[in-house]
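Data block below; observations after.
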Amino acid sequence: ANMAKKGRPVKGAKGMKVMNNLGKAAKKAMLGMSKAEREMVVAGLSKGNTSNWSARKLREGLEPKGKKKAALEAMAPTNHQTAKACFTKPNQRILLVGEGNFSFAVSLIELLGGDGSKLTCTAYDSMEVLKEKYKDAAANIKTVSNAGAAVHLEIDGTELEDTPQLEKNYDLVIFNFPHVGLGIKEQNDNIEVNQALIKAYLLSAIEVVHSTGLVCVTIKKGEPYDSWKVARVGLALPGLKLKTGAPFDANAFPGYSHRRTSGHVTENAGDDNDIIKTGAQTYMFTHDLAPPKKDKDDDDEGGRRAG
């Protein structure tokens, strides 16, 4: 009744369906938006974007005040999913890409109850290089293998679909803290080469997950990492869509110790785990199964030809 007095916030069956799936607080908050803002939110949610996406889009275009601020808060996700919750769901076939000292693999297996039979772990480096970079790598690899996980070294994370040791139907592909590790000081060049790495990884990884599988990439918060704009890079790629984002808490993975791509240097050991202090975000992409949109001019032209 109140909605009728103030006017329907959306039009059409699709819009009403989206509204019906919102909570009471979100419905109320929608009434405080302008028509354009409501239509943007409905369009985004209808395409499978998350409520977090809607809140972010509003935040980018508005200085939230009053009802608009309430709208942002109401549109926030309610499940508060974390990277740990996603990674530790039972019976998932998981591919880890770009492992360093393999401490993340060890931790994940522990969280999965000690069973690594559905886990495949890969590293870009050879065993010789891993031993040189990380003194605990060999022991961790042995632990992972003894738990039943497959371990493959010298695997390029940008050519997964062409790697015969790997399968094509994973539930999850995870690349934590990708970095080219070239020591590039010029920030713009650093951003460009790391964006290229992430782009190549996403395009490759999407080829080895099944139709509803997730391709995950975890990035440290703060600069220069924020400037990598991972979500934007992924959304610009054909066949991918951003499913969601989730906070990555290194402390949630017992025994996990982040290591730099260039290797672990004892005197700089404190810097390796600074992700714990600054935080990190895991971006989760999936297949975009929506049919391509038809060009209106093509439809008109087709109509004229048919006529």
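The values are calculated or read from the model by the stated rules, or taken from the named source; none is laboratory data. From a predicted model like this one, the values you see are computed outputs, not experimental measurements. Please note: Cβ atoms are built from the backbone with ideal geometry, for glycine as well, and neighbour counts cover all protein chains shown. Calculation scope for accessible area: heavy atoms of the full protein, side chains included, ligands and nucleic acids excluded. Shrake-Rupley method; radii C 1.70, N 1.55, O 1.52, S 1.80 Å.
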- Query: Taking the Cα-to-Cβ direction at GLU167 and at ASP115 and moving 7 Å from each Cα, how far apart do the two end points lie in nm?
  - Reply: 1.4 nm
- For the table LYS199/LYS220; LYS199/LYS243; LYS89/LYS220; LYS131/LYS229; LYS168/LYS243; LYS133/LYS229, the rows whose alpha-carbon distance is greater than 27 Å are LYS131/LYS229; LYS133/LYS229
- Backbone HN-Hα couplings from phi across segment 155-167 [Karplus 6.51/-1.76/1.60, Hz, Gly and Pro as x]: 10, 7, x, 9, 9, 5, 5, 9, 9, x, 6, 9, 9
- Task: Ignoring everything but the protein chains, give the 1.4 Å probe accessible area of LYS199 in square angstrom, nearest 10.
- Result: 100 Å²
- Item | Spin-label pair THR278/ASP156, simplified geometry with 7 Å Cα→Cβ offset, distance in nm | 2.9 nm
- Note on the structure: Excluding ligands, DNA and RNA, the carbon-plus-sulfur percentage of the accessible area of segment 81-182 with a 1.4 Å probe reads 46 percent
- Put a dot 7 Å past each Cα toward the Cβ at ALA252 and LYS142; how far apart are the dots in nm? 3.2 nm
- Might you report the magnitude of the Cβ-based charge dipole of segment 173-247 about its Cα centre, with Lys and Arg at +1 and Asp and Glu at -1, to the nearest 20 debye? 260 debye
- Can you run the Rg to Rh ratio on segment 87-221? Use alpha carbon positions and the Kirkwood inverse-distance Rh. 0.96
- Item | In sequence order, calculated HN-Hα J values of segment 210-226 (Karplus, 6.51, -1.76, 1.60; Hz; x Gly/Pro) | 6, 4, 10, x, 10, 9, 10, 9, 9, 10, 5, 7, x, 7, x, 5, 4
- Message: Accessible area per residue for segment 177-253 in Å², computed with a 1.4 Å probe and the full protein assembly in place, what is it?
- Response: 46 Å²
- Size of charge dipole - segment 74-143 - debye, nearest 20, with Cβ of Lys, Arg +1 and Asp, Glu -1, no other charges: 200 debye
